[in-house]
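Below is one structure, written out as C-alpha cells; comments come after it.
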Amino acid sequence: METLLTVLFWLALFIGTGLTLAYRRVPLFNATLAIGAVMLAYVLFGGAHWLWKLVLLIGYTGMVLLNFEDFRRERISRRLFRFYKQLVPEMSDTEREALEAGTVWWDGELFGGLPDWNKLLSIPAPCLSKEEKEFLDGPCEELCEMIDDWKITHELADITPEVWDYIKKKGFFAMIIPKKYGGLEFSALANSCVLAKLASRSGLVASTVGVPNSLGPAELLLKYGTEAQKDHYLPRLADGREIPCFALTSPTAGSDATSITDSGVICKGEWEGEEIVGIRLNWNKRYITLAPIATVLGLAFKLYDPDHLAGDQDAYGITAALIPTDLPGITIGRRHFPLNVPFQNGPTQGQDVFVPLDFIIGGMEMAGQGWRMLVECLSVGRAIALPSNVAGGAKTALATTGAYARIRKQFNMPIGRFEGIEEPIAHIAGYTYIMDAGRIMTAGAIDMGEEPSVPSAIMKYHNTEMGRVVGNHAMDVHGGKGIILGPKNYLGRGYELVPVGITVEGANIMTRSLIIFGQGAIRCHPWVLKELRAAENPDEEQGLRDFDESLFGHMGYAATNAARAFVLAVTH
C-alpha cells in the first residue's frame, strides 16, 4: 500500500508540475530548472528502479539541450526548415495582402488558450449619438412607414419614386460620408442600426441603402482617393446625384476574385478633344448590385503598360477606378432576378472604353493596389451590411412569430402553449439575441478604430447561417400563413432572401474555410504567420533563425494550450 501511495505521489507531483508550468506558460529555461528540481528530488528520495530513473534522466537531458539555441537550430530546426519550405507553397502578393488585411482585435485572444475576459469586458459599450438616435427615430422610422414591400417586390420590381427621392433627400446613401462633403458622418453602429431597422421592413430597401455605405465606392474614395476625386464625387454621392456600384465579380471569377480577366491597357487616346495617355478598358461583370441604375461604376481590373507610357512596369496588377457609366462602349445587360426579390442587380460590360489615368482611385500611385484596397475595406464593410440586414430580419421573425403563436389557436388553445412550438420560438429568440449582440459589438470595434477582418467574416458567416435557421423555424410555426405570398405575408420575401445573404460578399463555404479558419488561424496565431514569413526570407540563415524561434514557440504554445484546455475542462 505504501508503494502504491508513493507511486501516486510522485506521479501527481510530476503531472501537477508539468500542468502548472504549461498552464502559466513558463519560459523553457525556467521550466527546465523546475523540472530538474523535481527530478533531483525523485532521484534522491524516490523508490523507483534505477532503469526507470535512467530513462527519465535521458529525457531530461534532451530538454536541457533544447535550451542551447545553436545546438537546437543545427540539429533539429535546419532539417525541419528544409522540409517545411518544400511543404509550404509560395505565397503570392494577393494572398499576402488578403492575409494581412485588417487588424487583430479580440479574435487574437481566442487563440491564447486562456482569453482575458476582462479585456473584452473593459471595452466600452457602443452607443449612438443624439443626432444618430434622432435620425433612427425620425427619417428612418418615416422611411419604414413609406415602404410597401409587396408593391415594391411584386408589382413594380423596384422601389417607388417617392421612396427613392426620400432616400436621396434624407442622406441614406451618405451615412459614411463626412459632413464637409455633405454626408451624415455616422458611426459604424449607426450605419448598422439603420440597416437593421430598414431590413425589418424590406430586405430590398436595406440592400439598396447598404451598398453605397459599404464598398460602393465612397469608402474607397475616403481611404485612398485623391483630394480632387473626393471633392468631385463625395458631395454628388452624398446628395444622390450619383448612384454608385462596385464591379468585381466576373463570369469566370467569383470567390477567386484575383483571377478576373477584365483588363486595362495604358495607351494614348482621345479625351475631350485632346490626345492624352489613358487606359483602354475591357470588362465583363455580373451580379453587381445597383449596376442597372448606377451613374458611376467602381471597377476592378488588371492594369498593363506594355509601352511603358506611365512607368517601367509591364503589369501593375489589380487596380480600382471610377468610371462614369454614360461613356461610349459601356453597356448594362438585362437585370438579374435574385430569388424573387428584385433589388437592382445586373451585369455590366465595357468594350474599348478609354478614360484618363486620373480615373484610378488614388491616381497612378495606387495602380496595382486595388486588391489590397478591396480586402481592407471589406474588413469593415463585411461586418456591417449583411450582419445588420439579417439581424433586422430576425427581429421581425421573432416579433411576428411570437405574436402569431399567441393569437393562432388549434385544439382550443394558442399554439404557443405547445412545447413543439415553444422550442423553435426559443431558438429564434436565442439566435436573434446572439446576432444582434454580435452586430453591435463588432460595429463598436470599428468605431474604436479596428478593422476586424476575421470577426467581420465570423459575423457575416454566422449571422446569415443563423438567419437561415430563424427563417426555417418561423416558417414552421406559421405553416400555411407563411408560404402563401401576398400583401400581408411578412415572412415570405425575407425567407427567399436568405440564400442571397449566404452567397454574396464571399459565399459562406469560402468565408468559413478561407477567412475564418485560414486567415483567422494564421493571422491571429502568434507563430504561424512568422513561420510562413521565415520560409520566404531570401536570407537562408536569418530565415532559419526566425523559423527556429517560431517553431519552438509554436510547439510550446500548443503544449500550453493543451494543458489549459485540460485544466479548464476538468475544473469547469
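For n ≥ 4 DSSP H runs only, could you compute -39500 (n - 2.57) per run for the chain, divide by its residues and tell me the 222 nm figure to the nearest 500? Walk me through the numbers on the way to the answer.
Working: 24 runs with 302 residues, N = 572.
-16500 deg cm²/dmol, from helical runs alone.
For semi-axes √(5λ) of the Cα gyration tensor in Å, which listed value, (i) 51, 36, 19; (ii) 44, 28, 19; (iii) 41, 36, 20, comes from the coordinates shown?
The listed entry that was calculated here is (i).
Expressed as a whole percentage, what fraction of the accessible surface of the range 226-286 belongs to carbon and sulfur atoms when a 1.4 Å probe is rolled over the protein heavy atoms? All intermediate terms of the calculation are to be shown ahead of the outcome.
Values: 1280 of 2830 Å².
That fraction is 45 percent.
Would you mind checking the tilt of helix 492-503 against the longest principal axis of the Cα atoms of the chain, expressed as 0 to 90 degrees and rounded to 10?
Approximately 50 degrees, to the nearest 10.
Which of the three applies to the range 97-148, rounded, prolate or oblate, going by the alpha-carbon gyration tensor with a ≥ b ≥ c and a/c under 1.5 meaning rounded?
On the way: a/c = 3.60, a/b = 2.13, b/c = 1.69.
The shape class here is prolate.
Report the chymotrypsin sites (Phe, Trp or Tyr not before Pro) located in the range 360-418 that are in a DSSP loop and have at most 16 other Cβ atoms inside 10 Å of their Cβ, or state none.
Passing sites in the range 360-418 are 411, 418.
Hey, got a sec? Which trypsin sites (Lys or Arg not before Pro) in the range 1-83 land in a DSSP loop and have at most 15 other Cβ atoms within 10 Å?
24
Give the carbon-plus-sulfur fraction of the accessible surface of the range 128-220 in %, rounded to a whole number; probe 1.4 Å, heavy atoms of protein chains only.
Ligands and nucleic acids excluded, carbon and sulfur give 48 percent.
Please compute the per residue accessible area over the range 7-116 with all protein chains in place, 1.4 Å probe, rounded to a whole number of Å². Walk me through the numbers before you get to the answer.
Numbers: 7130 Å² over 110 residues.
For the range 7-116, the solvent-accessible area averages 65 Å² per residue.
Give the residue list of trypsin sites (Lys or Arg not before Pro) in the range 467-498 that are DSSP loop and have at most 14 other beta-carbon atoms within 10 angstrom.
Those satisfying the criteria are 488.
Carbon and sulfur atoms: what percent of the 1.4 Å accessible area of the range 390-484 do they account for?
For the range 390-484, the apolar C and S fraction of the accessible surface comes to 58 percent.
Can you find, among 41, 495, 283, the residue sitting farthest towards the positive end of the charge dipole of the chain, where Lys and Arg contribute +1 and Asp and Glu -1 at Cβ?
So the residue we want is 41.
If you count only protein heavy atoms with a 1.4 Å probe, what accessible area per residue comes out for the range 287-396, rounded to a whole Å²?
The answer is 36 Å² per residue.
Quick one: net charge around residue 486, please, counting Lys, Arg +1 and Asp, Glu -1 for every other residue with C-beta under 13 Å from its C-beta. Kindly include the intermediate steps, with their values, before the conclusion.
Details: positive: 151, 481, 488, 493; negative: 148, 149, 155.
Surrounding charge for residue 486 is +1.
Using θ = phi - 60° and the Karplus form 6.51 cos²θ - 1.76 cosθ + 1.60, what ³J(HN,Hα) does each residue of the range 256-261 get, whole Hz, x for Gly and Pro?
7, 5, 6, 8, 4, 9
For the range 415-494, what does the accessible surface come to per residue with a 1.4 Å probe? Please give it in Å².
Value returned for the range 415-494: 45 Å² of accessible area per residue.
How much net charge surrounds residue 295 when only the other residues with a Cβ under 14 Å from the Cβ of residue 295 are counted, with Lys and Arg +1 and Asp and Glu -1? Before the final figure, lay out the partial values.
On the way: positive: 168, 236, 241; negative: 239, 242, 326.
Net local charge, residue 295 excluded: 0.
The values are calculated or read from the model by the stated rules, or taken from the named source; none is laboratory data. What you see is a predicted model; the values in this text were computed from it and never measured. All Cβ positions, glycine included, derive from the backbone under ideal geometry; neighbour counts span all protein chains shown. Surface accessibility is based on the protein's heavy atoms, side chains included, excluding ligands, DNA and RNA. Shrake-Rupley method; radii C 1.70, N 1.55, O 1.52, S 1.80 Å.
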